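A.B. asks: The structure that follows is given in the form of structure tokens.
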Amino acid sequence: MSEAKEKPEELWVKCQSCGVPVFRKTFIENMLVCDKCDHHHKMPARMRAEILFDEGTFEEWDENITSVNPLEFADDYEEKLEKDKVKTGLKDAILTGHGKIEGYPVSMGIMEFGFRGGSMGSVVGEKVIRLLEKASEKGMPAVIITASGGARMQEGMYSLMQLAKTNAGVLRMEEARLPYITVLTDPTTAGVAASYASVADIILAEPKAIIGFSGRRVIEQTIRQKLPADFQTSEFYLEHGFIDAVVHRHKLRKTLARLLAMFNGK
Amino acid sequence: MILEIERPLLELESKIEELRKLSTDGRVDLSVEIKALEQKVEDLKKDIYSNLSAWDKVQIARHNGRPTTGDYVEAMFSDFFELRGDRRARNDLAILAGIGVIGGRTVAVIGHQKGKNTKDNLKHNFGMGSPEGFRKAGRVMDMAARFGFPIICFIDTPGAYPGKEAEEKGQYEAIAGNILKMMSLRTPIICMVIGEGGSGGAFAIGVGDHIIMLENSIYSVISPEGCATILWRDATRASEAAKALRITSDSLLKIGLVDEVIPEPEGGAHRHPEEVFSRVKESLIRNLGELCSIPGEEMPKRRYEKYRKMGVFKEENG
């Protein structure tokens, strides 16, 4: 949760789901999961890298790729980019690199929802394909943790083209016969759901993440009826056959390690 | 359906028609007046059609008299056999698929199918594909690649269907799966945007080796209305959004995301469909000739290079 970083002077944080105040230190130790209602709050990409990788093994890739404003989109797009750079400590909506999980080498992309809602424009597309190209060249498995509202509107059709570009990277992994695993976190929707998030060998999801193509409100307007509360959640897509497992954040590192071990033991 | 921009033109044209009728009655000679009005029509046409805004083009692209996928198939193919159903659940009529013959060559055809009127549109769900439609497209693509048939995709959709069942059946997965498949197919793929290219629902059959747009078609990552709603919470500012998103064929050709634009007759495809069919057919036959001379196994590599380059960013030192 971004609050945890923005107001470090406050001792308590309020759970965004149940509203119960949680002691900040406990909240962070708990990986931003509410100890009362188990709500998984959105997690900054760098914090996730710290939690997932063996200590000191993570090395970042392509950290200096940054967005331009190719369509000269007005609406203070550039200002917003600068603001989010300061807020997240990243230059765009994904952190990529490689490291080890319980000793197993793995390349990884971690999306940052705090940066323009995790939206995918040219930078995210380029970093994803470079990640998958490097992984396939080095013979390393790849994991991508998604958190995105979809394609980045301000880059127009360049953004739509990233759906093909990132999937081209996935194809590289398939050709190299290397495991590609995705972890869908809240939210994973539209353009990112409709590209590299959902064409992995193994698809995991965090509990109660919102997943889907069209937005809930758009669907409700179209069909003129209210949708059930659990519509488009991880559990919903697990039931419908689109996800292999819903994994609690506390067990994610162990789960990835187990899978990496099994693929390694072929 | 009458477009605002063409209303004055249609009024003049009907006036000319009236005068002609009077003339043929033989009583009066109105040829001078007719000629003057015809000149006025020509001038007005130039004035209107050389200054079309992005929003005007959105209206032309969505015109219900604009030729649909089915019209192109009927006009250009010497034979066509429709292939129905996804072999899983349903036949989605928002997507038309089949094999056909054009220029003496067998090809697979896949396209969004819009209706001409409300009843027709309800049947075809306004050309908004569901997972079953995209999966039907996918199985036809696989078959085409197996037999070495090139694939022609006609793009004309407001977007993927935002419905409850579509989400339950994995709309996002159906789209992602087709994009991945199209990157890997060992056969040429030509994509032709004939009307509306609406985001993911368009792109689900939109990855290819040669991307063509009709002059007045549009292709966008989000509808102008959707973009205006998100940016300004005001869908009525869609015309501004249409301009900002650069969704017209000339803009997309300029930035290299589209390979070819086919000029439309004055007024748009709905005014002179026969002329459009012949231009589209010429382009398809020419492009098929070029792409079919490349060995199939080269196609995925070329496509990789094509899409690998797409995007604009800056790389700062250290």
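The values are calculated or read from the model by the stated rules, or taken from the named source; none is laboratory data. Please read these numbers as outputs of a predicted model, since none were measured by experiment. When we count neighbours, we look across all protein chains shown, and the Cβ atoms used for this are built from the backbone with ideal geometry, even at glycine. Quick note on the areas: whole protein, heavy atoms, side chains included, nothing else; ligands and nucleic acids left out. Shrake-Rupley method; radii C 1.70, N 1.55, O 1.52, S 1.80 Å.
A.B. asks: If I ask for residues that are under 14 Å from A:Ala194 (Cβ atoms) and touching a strand residue (DSSP E or B) at 6+ places or on another chain (Cβ under 8 Å), which ones from the stretch B:126-156 would you list?
C.D. replies: B:Gly129, B:Phe134
A.B. asks: Within 24 Å of A:Glu78 (Cβ to Cβ) and surrounded by fewer than 24 Cβ atoms within 10 Å (Cβ to Cβ): which single residue out of A:Gly149, A:Gly118 fits that description?
C.D. replies: After applying the criteria, what remains is A:Gly149.
A.B. asks: For the stretch A:106-124, which positions are closer than 30 Å to A:Glu137 by Cα and out of contact with any strand residue (DSSP E or B) (no Cβ under 7 Å at 6 or more places or on another chain)?
C.D. replies: Filtering the stretch A:106-124 down to residues closer than 30 Å to A:Glu137 by Cα leaves A:106-113, A:115, A:118-124.
Scanning the stretch A:106-124 gives a single hit, A:Phe115.
A.B. asks: Given (1) under 18 Å from A:Gly118 (Cα atoms); (2) within 9 Å of chain B (Cβ to nearest Cβ); (3) in contact with a helix residue (DSSP H, G or I) (Cβ under 8 Å, 6 or more places away or on another chain), identify the lone condition not met by A:Phe242.
C.D. replies: A:Phe242 satisfies all of (1) under 18 Å from A:Gly118 (Cα atoms); (2) within 9 Å of chain B (Cβ to nearest Cβ); (3) in contact with a helix residue (DSSP H, G or I) (Cβ under 8 Å, 6 or more places away or on another chain) except (1).
A.B. asks: Oh, and also: Return yes when B:Ala244 is within 7 Å of chain A (Cβ to nearest Cβ) and farther than 25 Å from A:Gly212 by Cβ and no when it is not.
C.D. replies: The answer is yes for B:Ala244.
A.B. asks: Taking the stretch B:1-34 as the search range and keeping residues that are open to solvent by 100 Å² or more (accessible area, probe 1.4 Å) and more than 37 Å from the chain's Cα centre (by Cα), which one is nearest to B:Arg62 (Cα to Cα)?
C.D. replies: It comes out as B:Lys21.
A.B. asks: I'd like to check something: does the stretch A:67-74 contain any residue that is out of contact with any strand residue (DSSP E or B) (no Cβ under 9 Å at 6 or more places or on another chain), of a type outside the set (A, V, I, L, M, F, W, C) and under 29 Å from B:Ile247 (Cβ atoms)?
C.D. replies: yes
A.B. asks: Name, by its number, the condition in (1) more than 9 Å from every other protein chain (Cβ to nearest Cβ); (2) open to solvent by less than 20 Å² (accessible area, probe 1.4 Å); (3) over 17 Å from the mean Cα position of the chain (by Cα) that does not hold for A:Val247.
C.D. replies: The failed condition is (3).
A.B. asks: Among the residues of the stretch A:163-181, how many are of a type in the set (D, E, K, R), open to solvent by less than 10 Å² (accessible area, probe 1.4 Å) and more than 9 Å from every other protein chain (Cβ to nearest Cβ)?
C.D. replies: Number satisfying all stated conditions: 0.
A.B. asks: Which residue pairs have Cβ atoms closer than 8 Å, lie 6 or more positions apart in sequence or on different chains, and pair a first residue in the stretch A:50-75 that is more than 7 Å from every other protein chain (Cβ to nearest Cβ) and in contact (Cβ under 8 Å) with a residue 24 or more places away in the chain with a second residue that is surrounded by fewer than 16 Cβ atoms within 10 Å (Cβ to Cβ) and in a loop (DSSP other than H, G, I, E, B)?
C.D. replies: Filtered contacts from the stretch A:50-75: A:Asp54/A:Glu102; A:Asp54/A:Gly103.
A.B. asks: Taking only pairs six or more apart or across chains, which ones have beta-carbon atoms under 7 Å, a first residue in the stretch B:182-197 that is of a type in the set (A, V, I, L, M), and a second residue that is surrounded by fewer than 23 Cβ atoms within 10 Å (Cβ to Cβ) and part of a strand (DSSP E or B)?
C.D. replies: Filtered contacts from the stretch B:182-197: B:Ile190/B:His210.
A.B. asks: Name every residue in the stretch B:272-308 that is more than 14 Å from chain A (Cβ to nearest Cβ), within 30 Å of A:Thr166 (Cα to Cα) and in a helix (DSSP H, G or I), in order of residue number.
C.D. replies: Listed by number, the residues that qualify are B:Ser283, B:Leu284, B:Asn287, B:Leu288, B:Gly289, B:Glu290, B:Leu291, B:Cys292, B:Gly296, B:Glu298.
A.B. asks: Same structure again: Looking at A:Ile211, A:Ile202 in this structure, which one is within 23 Å of the chain's Cα centre (by Cα), hydrophobic (A, V, I, L, M, F, W, C) and more than 9 Å from chain B (Cβ to nearest Cβ)?
C.D. replies: Matching residue, one of A:Ile211, A:Ile202: A:Ile202.
A.B. asks: Checking B:Ile16 against (1) assigned by TED's automatic domain parsing to the domain that holds B:Ser130; (2) among the hydrophobic types (A, V, I, L, M, F, W, C); (3) more than 29 Å from B:Gly103 (Cβ to Cβ), only one condition comes out false. Which one?
C.D. replies: Looking at each condition in turn, B:Ile16 falls short on (1).
A.B. asks: Could I ask something else about it? Could you please let me know if A:Ile94 is open to solvent by less than 20 Å² (accessible area, probe 1.4 Å), touching a helix residue (DSSP H, G or I) at 6+ places or on another chain (Cβ under 7 Å) and at the interface with another protein chain (Cβ under 10 Å from one of its Cβ atoms)?
C.D. replies: For A:Ile94, the condition - open to solvent by less than 20 Å² (accessible area, probe 1.4 Å), touching a helix residue (DSSP H, G or I) at 6+ places or on another chain (Cβ under 7 Å) and at the interface with another protein chain (Cβ under 10 Å from one of its Cβ atoms) - is not met.
A.B. asks: A further question on this structure: Given the structure, is B:Met182 in contact with a helix residue (DSSP H, G or I) (Cβ under 8 Å, 6 or more places away or on another chain), of a type outside the set (S, T, N, Q) and either more than 16 Å from B:Arg135 (Cα to Cα) or more than 9 Å from every other protein chain (Cβ to nearest Cβ) (or both)?
C.D. replies: On the way: in contact with a helix residue (DSSP H, G or I) (Cβ under 8 Å, 6 or more places away or on another chain): yes; of a type outside the set (S, T, N, Q): yes; either more than 16 Å from B:Arg135 (Cα to Cα) or more than 9 Å from every other protein chain (Cβ to nearest Cβ) (or both): no.
Judged against the criteria, B:Met182 is not a match.
A.B. asks: Sticking with this one: What helices (runs of 4 or more DSSP H), lying completely within the stretch B:91-174, carry at least 3 residues that are in the same structural domain as B:Pro300 (by TED's automatic domain parsing) and over 30 Å from A:Leu238 (Cβ atoms)?
C.D. replies: Of the helices (runs of 4 or more DSSP H) lying wholly inside the stretch B:91-174, those with at least 3 residues that are in the same structural domain as B:Pro300 (by TED's automatic domain parsing) and over 30 Å from A:Leu238 (Cβ atoms) span B:118-123, B:131-147.
A.B. asks: Give me the helices (runs of 4 or more DSSP H) completely within the stretch B:180-249, filtered to those with at least 2 residues that are open to solvent by 10 Å² or more (accessible area, probe 1.4 Å), under 27 Å from A:Asp76 (Cβ atoms) and not β-branched (Val, Ile, Thr), ordered by residue number.
C.D. replies: Qualifying helices (runs of 4 or more DSSP H): B:224-232, B:238-244.
A.B. asks: Tell me whether the stretch A:78-88 contains one or more residues that are within 26 Å of A:Met161 (Cα to Cα), away from chain B (no Cβ under 12 Å) and in contact with an Asp or Glu (Cβ under 6 Å, 6 or more places away or on another chain).
C.D. replies: yes
A.B. asks: So, in the stretch B:110-166, exactly how many residues are among the basic types (Lys, Arg) and surrounded by 19 or more Cβ atoms within 10 Å (Cβ to Cβ)? Before you say what the answer is, go through the steps one by one.
C.D. replies: At the first step, the residues of the stretch B:110-166 found to be among the basic types (Lys, Arg) are B:114, B:116, B:119, B:123, B:135-136, B:139, B:146, B:164.
From what is left, the residues that are surrounded by 19 or more Cβ atoms within 10 Å (Cβ to Cβ) are B:114, B:135-136.
Residues in the stretch B:110-166 being among the basic types (Lys, Arg) and surrounded by 19 or more Cβ atoms within 10 Å (Cβ to Cβ): 3 in total.
A.B. asks: Every residue in the stretch B:258-271 that is part of a loop (DSSP other than H, G, I, E, B) and surrounded by 14 or more Cβ atoms within 10 Å (Cβ to Cβ), please.
C.D. replies: Listed by number, the residues that qualify are B:Val258, B:Asp259, B:Glu264, B:Pro265, B:Glu266, B:Gly267, B:Gly268, B:Ala269, B:His270, B:Arg271.
A.B. asks: Of all the residues that make up the stretch A:193-220, how many are assigned to a helix (DSSP H, G or I), open to solvent by 20 Å² or more (accessible area, probe 1.4 Å) and under 23 Å from A:Leu160 (Cβ atoms)?
C.D. replies: Here the count works out to 3.
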